[in-house]
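Below is one structure; the comments refer to it alone.
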Amino acid sequence: MAKRGLVLSTTAALAAAVAVVGFQLANPSIAAFRDSPKEVVDEVWQIINRDYVDGTFNKVDWRQVRKQFVENRDYASKAEAYRAVREMLKLLDDPYTRFMDPEQFKSMQIDTSGELTGVGIQLGMDEATKQLIVVSPIEDSPAAKAGVMSKDIVVSIAGQSTEGMDINKAVSLIRGPAGSKVTLGIKRGERQFDVELQRAKIEIHPVVAEVRDTPIGKVGYIRLRQFNANAASDMRKAIQQQANQSVTGYILDLRSNPGGLLYSSAEIARMWLDNATIVSTIDRKGESERLTANHQSLTDKPLVVLVDGGSASASEILSGALQDNKRAVLVGTQTFGKGLVQSVHSLSDGSGMAVTIAKYYTPNGTDINHSGIKPDYVLELSKADRERLSGDRELIGTLSDPQFAKAVEVLNAKVQNPQTPSASRP
């Protein structure tokens with residue numbers, strides 16, 4: 001498994017950064033398909049056949065699928081082949097295994113330390129209702145400034161209903177040139193309303209870190225927005241800088257963090273854990289890979305982690321590792337519940353796909369898929385609090401933020417009694 005090809009994000013191609021696992025045709029006879037639309041269909045079939053996590057392929061006869069989509073069908077255009085690929089993948093009933101046309105794939109490869117163009121939302125799909133939901137808005141994006149919130153349901157895009165729409169289609173409708181506008185129909189509880197958003201170039205910095213003056217002294221506040229290729233180096237810098245300021249402890253904010261790269265979350269876990277299991281992954285053959293901390297922790301000072309329903313995938317790996325190893329106390333609400341790993345592949349014509357290749361388990365062997373992780377201290381923000389924090393995002397991570405205030409309270413208790421949770425030691 002390529003280090004940076006393993007993806008855990010619920011992020012749609014609106015704003016994703018992943019490294020690509022190259023794909024080579026396994027069978028030389030397939031060379032006859034080169035420069036043919038059928039080649040892409042065959043490539044996708046082969047990847048699923050070889051790597052997909054479910055060996056029953058959702059109880060579908062995958063060889064019969066090959067006959068239907070590859071052997072017995074011709075394609076007059078790439079567009080026709082792409083439609084067939086999506087039809088084929090739909091049989092797996094897995095929203096995270098998805099095909100991306102060249103434009104969508106290029107968007108997915110954007111380095112998120114630079115700029116991207118969009119409205120700034122991470123989209124997911126509710127597997128029960130098949131509705132498109134906002135996993136989280138990106139900080140300071142048009143969507144965030146307009147008050148779009150995690151768990152909002154996107155019911156329409158530019159006047160078109162999203163009923164039955166997959167994420168790729170939604171992304172293609174939402175994306176567009178900077179300065180242009182798009183209207184999203186949002187459902188929040190029983191309320192339904194439209195939000196007009198102006199697309200913009202968005203700078204995404206994965207780590208925001210500040211030392212907060214609190215009643216218990218200086219506290220290192222670190223907010224991690226996404227697990228991209230730069231997240232680990234930014235996190236290391238933040239921890240070290242705050243340690244130099246003699247903070248009493250740390251609050252790590254993973255709220256509305258949709259995930260990202262598996263190894264990025266593991267590298268960050270190693271900064272907090274000294275010697276412990278971080279996560280285990282199991283593929284369809286039952287082969288397991290265990291990632292561990294290796295005596296490289298940067299601090300053993302008390303740590304509280306903030307999580308919510310928008311904390312997904314890599315966020316859940318990190319928070320699960322810290323909770324199971326009694327290194328940190330979790331405060332907030334139940335996490336998103338995505339315990340699947342995707343590998344990203346480039347295809348011969350510049351398109352790409354993400355395929356679910358494994359399940360992951362927390363150090364205690366917990367499968368959090370669908371169920372999420374329950375915090376040690378559950379604290380739900382009121383509707384008024386959510387709207388207040390959404391309206392003035394400068395209040396997030398301050399004592400005006402009820403979940404942060406609770407984290408300070410919990411951190412104080414750990415400072416007074418540092419016995420547990422503490423860094424796991426050999």
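The values are calculated or read from the model by the stated rules, or taken from the named source; none is laboratory data. Note that this is a predicted model, so its numbers are computed, not measured. Every residue, glycine as well, gets a Cβ built from its backbone with ideal geometry; the counts of neighbours run over all protein chains shown.
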Self-check item: Number of the condition not met by residue 129 [criteria: (1) surrounded by fewer than 21 Cβ atoms within 10 Å (Cβ to Cβ); (2) hydroxyl-bearing (Ser, Thr, Tyr); (3) in contact (Cβ under 8 Å) with a residue 12 or more places away in the chain]
Solution: (3)
Quiz item: Out of all the residues in region 319-346, which are surrounded by fewer than 23 Cβ atoms within 10 Å (Cβ to Cβ), assigned to a loop (DSSP other than H, G, I, E, B) and in contact (Cβ under 8 Å) with a residue 60 or more places away in the chain?
Solution: 326
Practice problem: Restrict the check to region 146-168 and report whether at least one residue is in contact with an Asp or Glu (Cβ under 7 Å, 6 or more places away or on another chain) and among the β-branched types (Val, Ile, Thr). | Solution: no
Quiz item: List, please: which pairs have Cβ atoms under 9 Å, are six or more places apart or on different chains, and start with a residue in region 269-295 that is over 21 Å from residue 355 (Cα atoms) and in the same structural domain as residue 236 (by TED's automatic domain parsing) and end with one that is β-branched (Val, Ile, Thr) and surrounded by fewer than 20 Cβ atoms within 10 Å (Cβ to Cβ)?
Solution: 270/292; 271/299; 272/299; 273/292; 275/292; 276/292; 277/292; 278/292
Quiz item: Somewhere in region 208-231, is a residue more than 30 Å from residue 380 (Cβ to Cβ) and of a type outside the set (Asp, Glu)?
Solution: yes
Exercise. Evaluate the following for residue 374: is it at pLDDT 95 or above, part of a loop (DSSP other than H, G, I, E, B) and surrounded by fewer than 21 Cβ atoms within 10 Å (Cβ to Cβ)?
Key: yes
Exercise. May I ask you to verify whether residue 220 is more than 18 Å from the chain's Cα centre (by Cα), in the same structural domain as residue 262 (by TED's automatic domain parsing) and surrounded by 16 or more Cβ atoms within 10 Å (Cβ to Cβ)?
Key: yes
Practice problem: Kindly list the number of the only condition in (1) without any contact (Cβ under 8 Å) to a residue 24 or more places away in the chain; (2) touching a strand residue (DSSP E or B) at 6+ places or on another chain (Cβ under 7 Å); (3) of a type outside the set (Gly, Ala, Ser) that fails for residue 174. | Solution: (1)
